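The values are calculated or read from the model by the stated rules, or taken from the named source; none is laboratory data. Since the model is a prediction, treat every value here as computed from it, not as a measurement. Here the Cβ positions follow ideal geometry from the backbone for every residue, glycine too, while neighbour counts run over all protein chains shown.
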Amino acid sequence: MPVNGEADEPGWEVDPDDEWGVAVIATVGRQLRLRREAAGMRAADFGTAAGYGEDLVYKVEGGKRIPRREYLEKADEVLNAGGLLAATWEDVKKVRYPKRVRDLAKLESQAVELLSYATHNLHGILQTEEYARALLGTSRPALTEDELERAVAARMARNAIFDRVPAPELSFVQEEVTLRRPIGGRMVLRRQLEHLLDTARLRNVDIQVMPTSRGDHPGTGGRIQVLKFGDGTAAGRADNSHDSRPVTDPRRLRVLELRYGIIRAEALTARESLAFIEQVLGET
């Protein structure tokens, strides 16, 4: 499909510091160029046939721009690649996401159980796209448009955890303030709360609220997250320990799980939390 000006759209530039991403896009670009040349087509001719500008064609083939899925599928069709070019999307789509987020998403995709306590914002996989965009937009130093779009896309991609079969067990404890802070404005918050209610009703999801009135619990130091895997291993991190870096040592993980267990016990039950979220929605 024709996409005038797409070459300048934010969120599709290659991060030069991402070695794996640079290599993937360079390889895909080279495949596209070689197949185009083998078909005896100039870049301008290919662009006309595929519905894209010549400038975009050169940027994609030169490894300077991440091609959209539609671009790869159209190129596959025009160049009679038999699905080989379209199939590269599975790797290409990951390049849009920062390496740190890719690593986190990979861990989440392998987890059979997730435990998360959040103090300032809703957990990333609970966020709607507009809430995530507004929240990420508060970052300082401010993100560029390209960085913002990449970050939002990466966060939304993590929602794939809800589509997994068999479904992992997901447990969240959210501080009350995360339900009330009007990130993005009142209507964005309302839609976020509605989404949270829908998510809380899933059979494999428990969302609990820690009321602000609970002053005596071991979560005042910040976030806690623990991911458990099918082989019995686990990984975790917390804001106030080990520089927030992931830990896998069983002794450290036991401490995180102990703290999370106490926090969860001090929070409202899942049923009480559902009613609490409905109340906050009514007040918003």
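Here's the yes/no breakdown for (1) touching a Ser or Thr at 6+ places or on another chain (Cβ under 8 Å); (2) within 15 Å of A118 (Cα to Cα):
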{"position": "Q208", "(1), (2)": "yes, yes"}
{"position": "D216", "(1), (2)": "no, no"}
{"position": "A235", "(1), (2)": "yes, no"}
{"position": "Q279", "(1), (2)": "no, no"}
Counting only residues in the range 176-191 that are within 16 Å of V209 (Cα to Cα) and among the hydrophobic types (A, V, I, L, M, F, W, C), the one surrounded by the fewest Cβ atoms within 10 Å (Cβ to Cβ) is identified as V177
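Listed here are the residues, each with its yes/no results for (1) buried (at least 17 other Cβ atoms within 10 Å of the Cβ); (2) of a type in the set (F, W, Y); (3) under 30 Å from D163 (Cβ atoms).
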| position | (1), (2), (3) |
| --- | --- |
| D206 | yes, no, yes |
| T220 | no, no, no |
| R223 | yes, no, yes |
| G230 | no, no, yes |
| R252 | no, no, no |
| L256 | yes, no, yes |
Does F229 satisfy being among the aromatic types (F, W, Y), assigned by TED's automatic domain parsing to the domain that holds I125 and within 22 Å of N159 (Cβ to Cβ)?
yes
Kindly list, by first and then second residue, each pair from a residue in the range 210-232 that is among the charged types (D, E, K, R) to a residue that is outside any loop (DSSP other than H, G, I, E, B), limited to pairs with Cβ atoms under 7 Å and residues at least 6 apart or on different chains.
R214/E266; R223/Y117; R223/A118; R223/A238; K228/A111; K228/V112; K228/E113; K228/A234
Can we say R259 is in a helix (DSSP H, G or I), at pLDDT below 95 and in the same structural domain as L135 (by TED's automatic domain parsing)?
yes
Given the conditions (1) over 33 Å from the mean Cα position of the chain (by Cα); (2) surrounded by 17 or more Cβ atoms within 10 Å (Cβ to Cβ); (3) outside any helix (DSSP H, G or I), report the number of the one that G40 does not fulfil.
(2)
Regarding the range 145-159, can at least one residue be identified that is outside any helix (DSSP H, G or I) and not hydrophobic (A, V, I, L, M, F, W, C)?
no
From the list D76, D91, D103, exactly one residue is outside the structural domain of D231 (by TED's automatic domain parsing), assigned to a helix (DSSP H, G or I) and modelled with pLDDT under 95. Which is it?
D91
